[in-house]
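A.B. asks: A single structure is presented below for examination.
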Amino acid sequence: MDGIYNGMPACELGNEGWHKPWSGGNGGSCVEALKLSDGRVALRQSQDPHGPALIYSPGEIATFIRGAKAGEADFLLT
């Protein structure tokens, strides 16, 4: 997937395949995730689909999810 870089306009990744795994009762403002064909994961803000996409390697996203499940990100909730 040449040409994909951290901070690129999320709309350049297309509109298909984005998921809202972290959707909540916050008026539709959600984080959306897209699994790229090479295993990387793109994240974008649902209210700004033309804004920047953050691109993470499979290892980075796995570390984040495992850490969040283990409570390592709980400080963000207080």
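The values are calculated or read from the model by the stated rules, or taken from the named source; none is laboratory data. No experiment lies behind these values; they were computed from the predicted model shown. Here the Cβ positions follow ideal geometry from the backbone for every residue, glycine too, while neighbour counts run over all protein chains shown.
A.B. asks: Tell me, please, whether a residue that is small (G, A, S), within 23 Å of A73 (Cα to Cα), at pLDDT below 95 and touching a Lys or Arg at 6+ places or on another chain (Cβ under 7 Å) can be found in the range 26-40.
C.D. replies: no
A.B. asks: Looking at the structure I just gave you, is A42 over 15 Å from P21 (Cα atoms), touching a residue at least 12 places away in the same chain (Cβ under 8 Å) and crowded, with 17+ Cβ neighbours inside 10 Å?
C.D. replies: No, not satisfied.
A.B. asks: Kindly evaluate G67 against the criterion of being more than 11 Å from the chain's Cα centre (by Cα) and closer than 19 Å to E12 by Cβ.
C.D. replies: no
A.B. asks: Considering only the range 47-64, state which residues are surrounded by 16 or more Cβ atoms within 10 Å (Cβ to Cβ) and in a loop (DSSP other than H, G, I, E, B).
C.D. replies: The answer is A53, and nothing else.
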